1. Using a cut-off of 13 Å between alpha-carbon atoms, which aspartates and glutamates can reach LYS162, once sequence neighbours fewer than 8 places away in the same chain are excluded?
2. What are the ³J(HN,Hα) values, in whole Hz, obtained from phi via the Karplus relation 6.51 cos²θ - 1.76 cosθ + 1.60 with θ = phi - 60°, for each residue of the stretch 53-62 in sequence order, with x given for Gly and Pro?
3. For the pair ALA51 and ARG195, what calculated FRET efficiency results from E = 1/(1 + (r/R0)^6), where r is the Cβ-Cβ distance and R0 = 35 Å, to the nearest 0.05?
4. Please compute the per residue accessible area over the stretch 91-224 with all protein chains in place, 1.4 Å probe, rounded to a whole number of Å².
5. How large is ³J(HN,Hα), in whole Hz, for each residue of the stretch 90-96 in order, when computed from phi with the Karplus curve 6.51 cos²θ - 1.76 cosθ + 1.60 and θ = phi - 60°, using x for Gly and Pro?
6. Per residue of the stretch 215-222, what does 6.51 cos²θ - 1.76 cosθ + 1.60 with θ = phi - 60° give for ³J(HN,Hα)? Whole Hz please, x for Gly and Pro, Karplus curve as stated.
7. Determine the shape class of the stretch 79-142: with a ≥ b ≥ c the square roots of the Cα gyration tensor eigenvalues, call it rounded for a/c under 1.5, and otherwise prolate if a/b is greater than b/c, oblate otherwise.
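The values are calculated or read from the model by the stated rules, or taken from the named source; none is laboratory data. As the structure is a computational prediction, the values presented were derived from the model and not from experiment. Here the Cβ is made from the backbone with ideal geometry for all residues, glycine too, and neighbour counts use every protein chain on show. Heavy atoms of the whole protein, side chains included, go into the accessibility calculation; ligands, DNA and RNA do not. Shrake-Rupley method; radii C 1.70, N 1.55, O 1.52, S 1.80 Å.
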Amino acid sequence: MTLPQTISTASPIGASITRTRPLAARCGVQARVWRPVSRSWPPPQGQWTYADWLRLPDDAWRYEIIKGVLYMVPGPSTAHQTVCLNLTLAISSFVRLCSAGRVFFAPTDVFLPGQQTPVQPDLLFIADARTDIIHEQGIVGAPDLVVEIASPSTLWKDLRIKQPLYQEAGVREYWVVDTVAKTVQVFLLQEAAYRLTGQWGAGQTVASQVLKGFEIAVDALFAV
């Protein structure tokens with residue numbers, strides 16, 4: 001298959017979807033079914049749709065469609081997976097101990113309000129009072145807390161595309177973990193806009209305002 005000659009690395013603000021990687025099939029995630037598209041394929045940049053995304057290959061790349069533009073990013077690094085595992089274990093243990101809600105990690109489809117295509121945050125938390133938005137095929141509504149683990153190839157997208165998307169959708173708290181700088185930025189939704197509450201690094205402890213009582217040392221996030 002030949003993909004478009006130009007794969008955009010710019011970042012128009014808008015909704016985003018992430019193609020499930022081959023690992024999903026090995027973890028028992030149901031594969032999506034390809035559906036025929038009644039126009040020429042692949043489409044030009046700016047005209048990509050959810051149906052087109054379903055036709056993309058299961059390979060080492062992660063594909064995203066944002067406002068009709070196809071983006072490609074490499075699969076997650078070992079640093080990304082280390083942070084994901086450490087944070088998932090910590091937050092899941094806390095949530096279960098406190099019966100605070102539910103925790104999910106990628107690939108989980110999240111259908112945000114007002115968006116026609118899903119996103120797949122690296123990690124998300126849904127408060128116990130809102131578990132009605134959890135469905136068999138994914139989350140229908142805005143999670144209370146979303147975490148994106150950023151690499152050099154995805155940091156711009158997490159801050160310039162997904163941040164305003166989550167803000168518009170009403171995600172109450174948003175964490176961006178930078179795997180290179182080894183820092184955590186926390187954004188809190190206040191009066192329909194995100195406010196950066198701080199940036200934490202080595203030797204410091206970051207705490208959630210939405211998941212009351214949960215905190216984790218930044219060094220523990222990156223521990224191997």
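1. Of all the aspartates and glutamates, those that pass the test against LYS162 - Cα under 13 Å, at least 8 places apart if same chain - are GLU64, ASP122, GLU148, GLU173.
2. 4, 5, 8, 6, x, 8, 9, 7, 9, 9
3. Here the calculated transfer efficiency is 0.40.
4. 46 Å²
5. 5, 6, 5, 4, 5, 5, 5
6. 8, 8, 5, 4, 4, 5, 5, 9
7. oblate
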